[in-house]
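> Take a look at this one; I'll ask things after.
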Amino acid sequence: MTPGHLYLISRVCKDAAGAAGNIFAIGLFVSPISTFRRIVRNKSTEHFSGLPYMYALLNCLICMWYGSPLISRDNLLVLTVNSAGAVFQFVYIVLFITYADKAGKVRMTGFLLAIIGAFAVVVAGSLQIPELALRRMTVGLLSGASLISMFASPLFIINLVIRTKSVEFMPFYLSLSTFLMSTSFLLYGLFNDDIFIYVPNGIGTILGIIQLVLYFYFKRRPEDKLKEPLVAPNA
């Protein structure tokens, strides 16, 4: 097989992995819809926090910028998935602000403006770097750090599952979507030889495996309890 054939196969595999990552990411992006249906129905944000959507928006914006042709010319599928993610998160934030109380509206609007300002600084600052390789490295480090911190956020849930021995607060499909998305982009980064993609998504894949293992391990436990008699037998 010639080097040209190997290169072509690598490109096809990269695009396939990236396309799969985009599809699985949509599963993550739509997962909060049920929460916001409840918020809209009750016309209140209740005790829900809007901060996760703020952080997700900043992460999507930075990774979207890394995937843009001005930073890296071979990461179109990174651009598309994070553009879609940014739109979803922005809509969630607008809905959250709409139904939050007065103090919540002010606080969340302030966070949103701060995120937009921070992203503008990243864009303007990176464009001041004339060398494309250095510009890519700078934004790549930011996007990689953002992805790693995002994938590390479930560590709290993992700790909660181990302490409570319950998967109540770790939805299966959310964990599965995270695992599939990070694995797809791990392969995408490897085929594209992009360390700023395969390293953080490799960490995400490992954490996803841990979540799924914990889910199936602790999910069995209630079934064992159901086998016990509901009323203790007479002696």
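The values are calculated or read from the model by the stated rules, or taken from the named source; none is laboratory data. Just so it is clear, the structure is predicted and the values come from calculations on it, not from any experiment. Quick reminder, even Gly has a Cβ in these numbers, built from the backbone with ideal geometry, and neighbours come from all protein chains shown. Heavy atoms of the whole protein, side chains included, go into the accessibility calculation; ligands, DNA and RNA do not. Shrake-Rupley method; radii C 1.70, N 1.55, O 1.52, S 1.80 Å.
> How about the stretch 21-96: which trypsin sites (Lys or Arg not before Pro) there lie in a loop by DSSP and see at most 14 other Cβ atoms within 10 Å?
Answer in residue order: 43, 73.
> Using R₀ = 35 Å, calculate the FRET efficiency as 1/(1 + (r/R₀)^6) where r is the Cβ-Cβ separation of residue 160 and residue 41; round to 0.05.
0.80
> Which residue fluctuates most in the GNM of the chain (Cα springs below 10 Å): 145, 100, 133?
Evaluated over the chain, the most mobile residue of the options is 133.
> What nm distance separates the two modelled labels at residue 133 and residue 220, each placed 7 Å from Cα along Cα→Cβ?
If labels sit at residue 133 and residue 220, their model points lie 5.2 nm apart.
> Right, something else. If I fit a long axis through the Cα atoms of helix 195-226 and take the longest principal axis of the Cα atoms of the chain, what angle between them do I get, 0 to 90°, rounded to 10?
10 degrees
> How much area per residue is accessible in the chain when the probe is 1.4 Å and only protein heavy atoms are counted (Å²)?
58 Å²
> Treat each spin label as a single point 7 Å out from the Cα along the C-beta direction, and report the residue 113 to residue 13 distance in nm.
5.0 nm
> To continue, here is another question. If contacts are Cα pairs under 8 angstrom and at least 6 residues apart, what is the relative contact order of the stretch 40-194 in percent?
24 percent
> What percent of all Cα-Cα pairs in the chain falls into each 5 Å bin, going from 0 up to the bin containing the maximum distance?
Bin by bin from 0 Å, the calculated values are 1, 6, 12, 15, 15, 15, 13, 9, 6, 3, 2, 2, 1, 1, 0, 0, 0.
> Taking the stretch 146-208, which chymotrypsin sites (Phe, Trp or Tyr not before Pro) meet the DSSP loop condition and have no more than 14 other C-beta atoms within 10 Å?
Of the chymotrypsin sites (Phe, Trp or Tyr not before Pro), the ones in loops of the stretch 146-208 whose Cβ has at most 14 other Cβ atoms within 10 Å are 169.
> How much of the accessible area of the chain, in percent, comes from carbon and sulfur atoms when a 1.4 Å probe is used?
The computed percentage sits at 72.
> Restricting to DSSP H runs of at least four residues, report the calculated mean residue ellipticity at 222 nm for the chain, -39500 (n - 2.57) per run over all residues, nearest 500 deg cm²/dmol.
-27500 deg cm²/dmol
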